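Structure record follows, encoded as structure tokens.
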Amino acid sequence: MKIAIDGPAGAGKSTVARRVARELGILYIDTGAMYRALTWKALQLKINLSAPEELHQLAADTVIDIRDHGDGTRIYCDGREVTSEIRSPEVSRMVSVLAADDKVREVMVEKQRAIASRNDVVMDGRDITHCVLPDAEYKFYLTASLDVRTRRRGQELENQGYEVDLEQLKREIMERDQLDMSRKVGPLKITPDAVVIDTSDIDCESAVQYVLDIVREG
């Protein structure tokens with residue numbers, strides 16, 4: 001089984017996808033976390049994100065692993081757990097720059113498809129329904145208003161101990177939306193066969209139940 005979920009930052013797709021996977025007893029793949037792990041490594045190595053050849057080699061050489069630990073999935077980069085580190089504001093600011101590179105995306109998409117070929121999965125990201133898993137049995141697109149998405153992401157960062165300037169965060173999310181929607185390979189978009197869910201005025205539980213109802217009705 002392949003369940004594909006797309007949507008912009010802060011729409012709740014990762015939370016919903018994680019819960020759906022848990023309810024169905026299948027693997028959750030956060031593709032955004034995979035790009036974040038690669039961005040984290042690039043920043044650690046001080047790689048110039050404007051140097052395509054260096055980024056391509058980095059993507060090809062990096063081993064990113066997603067493991068289910070019962071209490072949630074954890075992200076490993078070259079054997080090191082980086083689940084918390086990849087959520088830093090610095091990584092958040094730079095991940096769309098790296099993810100916009102065509103060849104980096106080609107490498108990452110192959111890694112993601114390889115995981116899905118071996119498992120039943122719920123996979124979320126920005127290009128899953130039309131690029132990574134175009135043959136997925138179930139496709140969803142989660143969205144929410146910009147203000148709601150900003151508040152959610154701000155709360156997430158504050159919970160991690162970061163100080164948050166909501167206006168600056170709002171600008172960063174807008175810029176990321178633009179980058180994600182305008183890139184040539186795997187842009188963020190709504191496919192005609194995707195079920196659109198606006199989470200602006202509904203809680204996570206309602207969104208999860210809506211997805212589960214559709215999947216279980218088959």
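The table below lists the values:
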| read-out | value |
| --- | --- |
| Qualifying residue in the stretch 18-34 (condition: open to solvent by less than 20 Å² (accessible area, probe 1.4 Å), closer than 15 Å to ILE128 by Cβ, touching a residue at least 60 places away in the same chain (Cβ under 8 Å) and hydroxyl-bearing (Ser, Thr, Tyr)) | yes |
| Selection count, the stretch 1-36, where residues are basic (Lys, Arg) and under 20 Å from MET94 (Cβ atoms) | 1 |
| Positions within the stretch 104-135 being within 24 Å of GLY72 (Cβ to Cβ) and of a type in the set (Asp, Glu), in sequence order | ASP120, ASP124, ASP127 |
| Among residues of the stretch 188-216, those that are in a helix (DSSP H, G or I) and open to solvent by less than 60 Å² (accessible area, probe 1.4 Å), counted | 8 |
| Answer from LEU98, LEU43 - the residue that is in a helix (DSSP H, G or I) and modelled with pLDDT of 95 or more | LEU43 |
| Filter result for VAL91 (more than 21 Å from GLU106 (Cβ to Cβ), touching a residue at least 12 places away in the same chain (Cβ under 8 Å), in contact with a Ser or Thr (Cβ under 9 Å, 6 or more places away or on another chain) and in a helix (DSSP H, G or I)) | yes |
| Every residue from the stretch 111-125 that is part of a helix (DSSP H, G or I) and either in contact (Cβ under 8 Å) with a residue 12 or more places away in the chain or touching a helix residue (DSSP H, G or I) at 6+ places or on another chain (Cβ under 8 Å) (or both) | LYS111, GLN112, ARG113, ILE115, ALA116 |
| Qualifying residues in the stretch 176-204 (those that are acidic (Asp, Glu) and in contact (Cβ under 8 Å) with a residue 60 or more places away in the chain) - the one nearest to LEU98 (Cα to Cα) | ASP180 |
| Residues of the stretch 92-104 classified as more than 13 Å from the chain's Cα centre (by Cα) and open to solvent by less than 20 Å² (accessible area, probe 1.4 Å), total | 2 |
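Here is a yes/no grid of residues against (1) open to solvent by 30 Å² or more (accessible area, probe 1.4 Å); (2) of a type in the set (D, E, K, R):
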site: ASP127; (1), (2): no, yes
site: VAL132; (1), (2): no, no
site: LEU157; (1), (2): no, no
site: GLN178; (1), (2): yes, no
site: VAL185; (1), (2): yes, no
site: GLY218; (1), (2): yes, no
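Residue by residue, here is whether (1) open to solvent by less than 80 Å² (accessible area, probe 1.4 Å); (2) more than 19 Å from ALA21 (Cβ to Cβ) holds:
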| residue | (1), (2) |
| --- | --- |
| ALA59 | yes, yes |
| ILE66 | yes, no |
| ASP78 | yes, yes |
| GLU106 | no, yes |
| GLU137 | no, no |
| VAL148 | yes, yes |
| GLU175 | no, yes |
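The values are calculated or read from the model by the stated rules, or taken from the named source; none is laboratory data. On a predicted model such as this, the values are computed, not experimentally measured, just so you know. Cβ atoms come from the backbone with ideal geometry, glycine included; neighbour counts cover every protein chain shown. Protein only, heavy atoms only, side chains kept; ligands, DNA and RNA dropped before computing areas. Shrake-Rupley method; radii C 1.70, N 1.55, O 1.52, S 1.80 Å.
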